[in-house]
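Comments concern the structure below.
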Amino acid sequence: MNNRENLRQQIELFLRNENEKIMFISGTHQNEKHREVLRVINSFLDKGVKVLFRANAIDNINEFIDNNDVDIKTKKLYKSGNLNMYFDSINKASWETGARYNISILYPVDSICRKNDNTRREIINDLIRKTVHKIFLVTWTDNVDYTWLNEFTIDRKVVFDAEEEDMAYHNRVINIINKQF
């Protein structure tokens, strides 16, 4: 049940629920979780939705969104289907002051787990201040401690595993996680 269809349904339910603000997505499908979020919001929401994609580094964004055509810059609008996309990183210098977004995606949330408490809070609180509707916190490896997120209200948690699509890949990721804990 931790499959793509369940993730899609959970994202849609989250988007419909006006009382939910933050969704946490984990699981073994490392490079597909954030892509599936983008696919669902692009097909589910109306044209012109402002989306902030916050990555661990600006240099990684092209890889994260499968874009080889344009060199992504911060504080600049990029069209992607129905979405008006903006990009920044966990580096505060990349943040646009006073900007507001309908949706924010932080990927990979793992990248801030090793930061000090104040830095982690600042990164998440900045997203909360800037995001009008929904925030997606998306993991990559699931091999770090996410309990520090308990200080924030996580309204929905979903696991998206690769098990049904690629059992060998799923097992490799599980083995990596188990070796580190």
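The values are calculated or read from the model by the stated rules, or taken from the named source; none is laboratory data. These numbers come from a predicted model, not from an experiment. So basically every Cβ, Gly included, is an ideal-geometry build from the backbone, and we count neighbours across all protein chains shown. The area values use the complete protein model at the heavy-atom level, side chains included, leaving out ligands, DNA and RNA. Shrake-Rupley method; radii C 1.70, N 1.55, O 1.52, S 1.80 Å.
For the stretch 33-75, the candidate set comprises residues that are basic (Lys, Arg) and within 23 Å of Ile11 (Cα to Cα); within that set, the residue that is surrounded by the fewest Cβ atoms within 10 Å (Cβ to Cβ) is Lys47. Scanning the stretch 93-118 for residues that are open to solvent by 20 Å² or more (accessible area, probe 1.4 Å), in contact (Cβ under 8 Å) with a residue 12 or more places away in the chain and within 27 Å of Phe14 (Cα to Cα) gives Trp95, Glu96, Arg100, Asn102, Ser111.
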